[in-house]
Amino acid sequence: MSAYRDGDRTVVLLPARMSQVEEKRWIAVMLERLAAQERRRRPSDEDLVGRARALSARYLDGRAEPASVRWVGNQNTRWGSCTPIDATIRLSSRLRGMPAYVVDYVLLHELAHLLVPGHGPRFWTLLAAYPRTERARGYLEGVAAASGLPMSDDDDVAPVERPPAEPDAETDLPTRGRAAAAANRSERKGTAAADGTRAGTTRDRAKRQPRR
């Protein structure tokens, strides 16, 4: 016995020996099982948040704490993405309906990015704790190849926007201002006497005075 979707139709396969009463009962049972499978494969945004936290607790010691996880339909070249600065995660709606272990892998991938931004050795060490990492990656690569999709996870981390550096007060001064600043520095250092000699300190001048 089995049930599956065929376009807009739902197909339920039952043994021919069943009576009409049994058929009616098993059709209801199989439809409920099919609906449960689809709910597991197509979780809501709220379900994604709960699943992400459970995965973080199991594989990342709970260190990755997402602020939000949601489906998005505008990611045509990435399965998932995240922004570490605000701990938000987004999954491509193309993942809906895929096996749960594949969705879990993408969730873990983005959760790991909340701890390690790049794809270096530290990042892959974190994902090594998930036993289906390679299988899930192979599945996604197969889907991308079969569909001709240019999917990649190389740029799934949003860059952190750093505030602009404070301008150098002297560098950004107009020409007249820079000249005045230079003059002020010269006066503070005791240089730039009119005849080119060093002004020096009071003690220095005293030492240079000839004895009478």
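Just so you know, all these numbers are worked out from the coordinates, no wet-lab data involved. Since the model is a prediction, treat every value here as computed from it, not as a measurement. Virtual Cβ from ideal backbone geometry, glycine too; neighbours counted across all protein chains shown.
In the stretch 45-147, Rg over Rh equals 0.93, where Rg is the alpha-carbon radius of gyration and Rh the Kirkwood radius from pairwise Cα distances.
Packing, as the average of other Cβ atoms within 10 Å across residues, places the peptides 93-99, 30-36 in the order 93-99, 30-36, highest first. Packing around the peptides 125-134, 103-112, 67-76, taken as the average count of other Cβ atoms within 10 Å per residue, puts them in this order, highest first: 103-112, 125-134, 67-76. Mind giving me the FRET efficiency for Val72 and Arg135? R0 is 22 Å, r the Cβ-Cβ distance, nearest 0.05 is fine. Taking R0 as 22 Å, the efficiency between Val72 and Arg135 is 0.35.
Measuring nothing but how far apart in sequence close Cα pairs (under 8 Å, 6+ apart) lie, relative to its length, the stretch 45-147 scores a relative contact order of 25 percent.
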